[in-house]
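One structure is given below, encoded as structure tokens.
Laboratory data are not the source of any read-out in this text; all were calculated from the coordinates shown. Nothing here was measured: the structure is a model prediction, and the numbers come from that model. All Cβ positions, glycine included, derive from the backbone under ideal geometry; neighbour counts span all protein chains shown.
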Amino acid sequence: MPLRRYIVIKPDGAEGNQFEADLPPEAPDFTHHPVTKEPCRRVLESPTLTTKYGEGAMKQGLSDKRLARAGFQRLEKDGKGGWNKLN
């Protein structure tokens with residue numbers, strides 16, 4: 001379930017404390033804090049991305065040094081239907 005972040009809106013319009021809620025995707029957003037019943041709004045954030053499978057981790061995992069240490073060879077197409085060994 002996605003974790004949603006909300007912020008409490010104080011009576012003077014200032015922002016108050018933040019809280020998080022685990023809700024199913026089809027559930028509507030809270031308009032009031034579930035415990036204190038204060039008005040609140042959802043804080044929109046970018047999704048959390050894992051770094052384990054990110055672009056940088058993949059480049060590091062496929063470096064020539066790591067491939068050679070694991071016993072693999074790095075090959076590149078030569079454009080003529082063949083392959084050239086890089087390491």
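Details
- Glu26 surrounded by 12 or more Cβ atoms within 10 Å (Cβ to Cβ) and acidic (Asp, Glu): no
- Among the residues making up region 11-23, those that are exposed (fewer than 12 other Cβ atoms within 10 Å of the Cβ) and farther than 10 Å from Arg41 by Cα are Pro11, Asp12, Gly13, Ala14, Glu20, Asp22.
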